[in-house]
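Undergrad: Handing you this structure, nothing more for now.
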């Protein structure tokens with residue numbers, strides 16, 4: 001609660017207290033309504049929940065689901081910034097229908113909870129990290145720098161605009177994008193302050209942030225904070241860094257960091273797969289560079305209990321954006337895979353030599369044999385997206401048929417639209433938790449992309 005909110009509530013309560021002896025339920029209701037009028041402006045979600053509970057007398061079991069909906073959908077203005085003119089810039093192929101996308105994402109979160117997963121949200125957790133006003137100033141400065149906003153007048157206007165918000169609203173605004181109309185420069189201090197620009201945003205929205213997998217990766221007792229490949233997504237990692245450094249729910253003194261957004265080479269979380277307690281896979285993809293993968297492998301192997309990193313070299317195409325769009329683990333010995341990568345796929349091994357330096361080797365066997373050998377299994381089962389039907393494979397791959405989220409061994413969350421692949425998973429003994437995906441899939445990411453595991457029990 002902000003100082004302004006507290007002041008408004010105290011004022012209303014004092015008014016009630018002065019006349020408590022003759023106050024009626026109707027008078028108290030007026031006080032509550034006055035308070036809620038303020039919340040309608042300052043925090044609509046809070047107002048909605050309070051009305052349900054205390055004015056409409058809705059039972060707790062009715063309000064709790066609304067709370068979950070609010071937490072997941074309140075801050076989604078970034079999706080409304082998508083237009084045909086901004087799609088390419090913001091890495092989308094189509095404009096999602098926001099209302100349905102929200103409902104689909106809420107259902108995704110509900111399925112996770114029902115299967116024993118604790119769900120937390122970026123806005124809430126980053127807001128906790130910047131509760132200190134000094135930390136808010138630091139975040140705004142770092143955000144303006146990474147956004148390459150250097151004009152003095154504009155920086156001053158944006159700083160003032162953001163720092164007048166409570167932390168949660170500030171984080172939401174950074175994600176939603178800041179429009180030129182919201183931070184008009186009062187006095188030009190440079191040519192940049194005067195030059196006209198038809199583009200509506202001075203700071204782009206982050207619509208890709210619902211794919212929380214990519215800005216970072218938790219591996220063992222450490223974390224990667226990634227240098228993202230595209231300008232549209234670089235700022236996402238900054239929010240994660242603040243969450244990691246300053247939110248004590250996420251970082252302890254024992255935690256380590258394997259990669260930082262200040263490192264020189266791009267790497268993204270969709271290319272990082274933990275295969276076992278000893279082995280991590282990393283994709284060499286459209287978004288993850290060879291040098292980024294090598295830097296990560298060196299830091300991880302030299303400072304953790306992991307023994308090996310396997311590098312999967314996949315085609316650099318939009319459909320195969322990350323390793324997890326073509327290959328995911330669904331059980332200890334079962335994997336989904338897109339059949340079109342099996343032929344061109346090359347696998348490389350990175351380990352430490354006797355001097356603690358990286359050594360490299362190319363693995364020549366078929367993928368299933370490599371995986372069985374490395375994971376010390378008699379055999380592995382590769383479940384091909386779309387089965388043996390090339391058209392089905394291409395269609396379902398485009399909608400992330402291989403991008404399953406394993407919530408426990410043999411149990412996965414998958415998009416309902418990929419019915420061929422889902423049926424094959426079930427034939428192989430995998431329980432499939434289907435979620436609607438008509439709008440979420442327009443962002444070219446699946447259930448695995450929409451999650452970032454912070455702690456694994458299995």
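Throughout, read-outs are computed from the coordinates displayed, never taken from laboratory work. The model shown is predicted, which means the values in this text are computed figures rather than measured ones. Glycine also receives a Cβ, built like all others from the backbone with ideal geometry; neighbour counts cover every protein chain displayed.
Undergrad: At 0.36 nm per residue, minus the direct Cα-Cα distance, what do residue 34 and residue 135 gain on full extension? Give it in nm, one decimal, please.
TA: So the extension gain works out to 33.1 nm.
Undergrad: Can you tell me the mean projection area, over all orientations, of the convex hull of segment 368-458's alpha carbons? Units nm², please.
TA: Average projection, Cα convex hull of segment 368-458: 6.7 nm².
Undergrad: If r is the Cβ-Cβ distance from residue 113 to residue 455 and R0 is 22 Å, what FRET efficiency results, to the nearest 0.05?
TA: 0.90
Undergrad: Right, something else. What translational diffusion coefficient, to the nearest whole µm²/s, does segment 323-379 have by Stokes-Einstein, given a Kirkwood radius computed over alpha-carbon pairs, a temperature of 4 °C and 1.567 mPa s viscosity?
TA: The Stokes-Einstein estimate is 100 µm²/s.
Undergrad: May I pose another question? By counting other Cβ atoms within 10 Å of each Cβ, how are 398, 258 ranked from fewest to most?
TA: 398, 258
Undergrad: Another one. Under Stokes-Einstein, with the Kirkwood radius over Cα pairs standing in for Rh, what whole-number D in µm²/s applies to segment 241-381 at 20 °C and 1.002 mPa s?
TA: 134 µm²/s
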